[in-house]
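Remarks on the structure that follows.
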Amino acid sequence: MSYILSHTKIKNNCLWHDGKLIAQSEDTLNYTGFLEEAYKFLNLSYPKFFKMDALSKLGILCAEPILANKNSSQFSKEKTAIVLSNSNSSLQTDIAYSKTMSDFPSPSLFVYTLPNIVTGEISIKHKITGENAFFIEPAFNADLLHNYTELLLQESDAVLCGWLNTDEKACEGFLYFVAKQPANDEKKINFIKHNPNSITQLYTN
Amino acid sequence: MNKAFLHNSNIISPLGFNTKQNFNAVCEGGVAMQNHVFNGVTYCAAVITSKLLDETFVQQTKSNPQEFTRLEKMCILSVQDVLNNSDIDTKSKRTLFIFSTTKGNIDLLENNTPQIPGDRIYLHETAQAISAYFGFLNKPLVVSNACISGLLAIIIAKRLIADNQYDNIIVTGADVVSTFTLSGFNSLGALSNKVCKPFDKNRTGINLGEAAASILISNQQQKDGVEIVSACSANDANHISGPSRTGEGLYKCLQKILADNVIPDFINAHGTATEFNDEMESIAFNRAGLQNTLANSLKGYYGHTLGAAGVLESIFCAESLRQNKIIASTGFENQGTSIELNIIKKTESKKNKTCLKTASGFGGCNAAVLYKLN
């Protein structure tokens, strides 16, 4: 049996951690503005953040409350995997880069034209060196994430997984941290059981 | 736990439209890269002639070439060849199609054609178009994880088969050469304007290449079956666009999959011919005690085919094991890494049983697979 130890969500200019609303901005603020406000709210001091594209910013912000938490930091970083998914890959940045092509092609944009760069950014910030996978799906797919995470847990201790999707108008981030139940620790029983239903509930609620 | 085996395969590339043509061309020293002009700029790249692609597509599939993009036509030809040479049922619940790509139909950003719906820029739509063509019952799985995509797709297939979720999985890796990727790698200063020279002292960067490569991975053992013995991925957690100087992530992969001090008969490295990649690989191989193991890179024949590379190169690993051949790392003349590697200089017959395949990519990702001829 495996458990969801912590989860975060960013949508509609709100950031939730473990079901609690922890940052919110006016609807009128565009989402990239919200991501910068959320950075301040989380008291991050990570100047690299401002060089990132929206997808990586979204991932860094969703990962932070989970990985700064003592429940997740007890696991070996070498045995923590990152499994992410979205539907737009890096298309928003692809378009931004393609607009620079005829003039001065921007290498700093080009490096973000891959979906798994956000995996790299989260890995660098939290020194996580385990397994990686990035899946592209038409919509959030709890079955796929659950299935592959369970396969990885045969050899990994924990998996950070979820959905990070951006386009020009909106972003949607949902990350959660799954681990095998640590032995002889009754308190862990209170955590959410890891199955497609519980994942879907956390995603839709 | 079921075992997973590499079965029949196909490669669509400038060197040929099936595995046999490609393997023979490479054994004879064929190189796919030539000078091509994209948007007025000359690049050294491996590009499939559109006319030949369309003619072959019409001949082999009797379908309208206008309804599919270049990438999709390459993939359809590739998957069709694999299906023609096997008896797997695409409509079975126990059959899966995995599609690996980095940029998919990125060329649609510049040349949108009226016959192709605009949503085919989405990788899941591209995969769905290919999958629907063959009537796969299961929804395709799309893996996009930079330059390890192809090898990672094979690793995922192995895990799904080991867990008895499927009997047969077709993994297709594909990317095209586009103004987008050429301009991007050029902006990073990563492109060589001559045919690339992996691991050589005078290497000056990568060439881009296009290919679609497909392989059937099955739980059925067969004659000449190549088993996927062990496989894993790991992140450097170091830099998004450069490898760890100490080869951290790749070394972690090697430590994990070469348990019990197994030394493979040869290594098919990532070997992109950039300064940093080849240096990093030499360090990781040395740390794992593999500095004397025969090693090659196929990038000197095909360029870097991005999302196709891991599949295309794994097909070569399997054929090298089956045909007892070791393939020269073309472009290599003088040691060019701080750790001396045992780079294969001449294509020749040699008995082999095991082979290590590695890949590394942007985002700090690394992957490695150990193949064994049964």
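Some points to look at:
- The single residue among B:PHE38, B:PHE57, B:PHE68 that is of a type outside the set (Gly, Ala, Ser), under 21 Å from B:ASN112 (Cα atoms) and out of contact with any Leu (no Cβ under 9 Å at 6 or more places or on another chain) turns out to be B:PHE68.
- Hits in the range B:151-203 - residues which are under 23 Å from B:VAL31 (Cβ atoms), within 14 Å of chain A (Cβ to nearest Cβ), polar (S, T, N, Q) and not in a helix (DSSP H, G or I): B:SER178
- A:ILE122 being closer than 17 Å to A:PHE49 by Cβ and either assigned to a loop (DSSP other than H, G, I, E, B) or of a type outside the set (S, T, N, Q) (or both): yes
- Condition check for B:ILE154: in the same structural domain as B:GLU55 (by TED's automatic domain parsing), farther than 23 Å from B:LEU312 by Cβ, touching a helix residue (DSSP H, G or I) at 6+ places or on another chain (Cβ under 7 Å) and modelled with pLDDT of 95 or more: no
- Yes/no for B:GLN59 being over 25 Å from B:SER178 (Cα atoms) and either of a type outside the set (Phe, Trp, Tyr) or in contact (Cβ under 8 Å) with a residue 60 or more places away in the chain (or both): yes
- First in the range A:138-152 and over 17 Å from A:SER87 (Cβ atoms), second anywhere and among the hydroxyl-bearing types (Ser, Thr, Tyr) and surrounded by 19 or more Cβ atoms within 10 Å (Cβ to Cβ), Cβ under 6 Å, 6 or more apart: none
- Screening A:ILE136 with (1) more than 15 Å from the chain's Cα centre (by Cα); (2) within 8 Å of another protein chain (Cβ to nearest Cβ) gives one miss only, at (1).
- Taken over the range A:1-57, the criterion of being under 28 Å from A:TYR97 (Cβ atoms) and of a type in the set (Lys, Arg) is satisfied by A:LYS11, A:LYS40, A:LYS48, A:LYS51, A:LYS57.
- So B:LYS20, is it surrounded by fewer than 16 Cβ atoms within 10 Å (Cβ to Cβ) and in contact (Cβ under 8 Å) with a residue 24 or more places away in the chain: no
- Qualifying position, being surrounded by fewer than 19 Cβ atoms within 10 Å (Cβ to Cβ) and either at pLDDT 95 or above or more than 13 Å from chain B (Cβ to nearest Cβ) (or both), among A:SER123, A:SER156, A:SER198: A:SER198
- Flag for B:SER218 being within 24 Å of B:LYS93 (Cα to Cα) and either touching a residue at least 40 places away in the same chain (Cβ under 8 Å) or assigned by TED's automatic domain parsing to the domain that holds B:SER297 (or both): yes
- Residues located in the range A:91-100, provided they are of a type in the set (S, T, N, Q) and facing another protein chain (nearest Cβ under 7 Å): A:SER98
- Which listed residue, of B:ASN85, B:ASN111, B:ASN105, B:ASN64, is more than 20 Å from the chain's Cα centre (by Cα) and either within 14 Å of chain A (Cβ to nearest Cβ) or buried (at least 24 other Cβ atoms within 10 Å of the Cβ) (or both): B:ASN111
- Scanning the range B:344-368 for residues that are surrounded by 24 or more Cβ atoms within 10 Å (Cβ to Cβ) and hydrophobic (A, V, I, L, M, F, W, C) returns B:CYS355, B:LEU356, B:ALA359, B:PHE362, B:CYS365, B:ALA367, B:ALA368.
This table checks each residue for (1) more than 27 Å from B:SER187 (Cα to Cα); (2) among the hydrophobic types (A, V, I, L, M, F, W, C); (3) more than 7 Å from chain B (Cβ to nearest Cβ).
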{"site": "A:SER89", "(1), (2), (3)": "no, no, no"}
{"site": "A:SER102", "(1), (2), (3)": "no, no, yes"}
{"site": "A:PRO107", "(1), (2), (3)": "no, no, no"}
{"site": "A:TYR112", "(1), (2), (3)": "no, no, yes"}
{"site": "A:ILE117", "(1), (2), (3)": "no, yes, no"}
{"site": "A:ASN141", "(1), (2), (3)": "yes, no, yes"}
{"site": "A:LEU144", "(1), (2), (3)": "yes, yes, yes"}
{"site": "A:GLU150", "(1), (2), (3)": "yes, no, yes"}
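- Boolean, B:LEU109 is more than 26 Å from B:ASN18 (Cα to Cα) and of a type outside the set (Asp, Glu): yes
- The number of residues in the range A:126-153 that are of a type in the set (S, T, N, Q), crowded, with 24+ Cβ neighbours inside 10 Å and in a loop (DSSP other than H, G, I, E, B) comes to 1.
The values are calculated or read from the model by the stated rules, or taken from the named source; none is laboratory data. Please read all numbers here as calculations on a predicted model, not as lab measurements. Ideal geometry is used to build each Cβ from the backbone, glycine not excepted, and the neighbour counts take in all protein chains shown.
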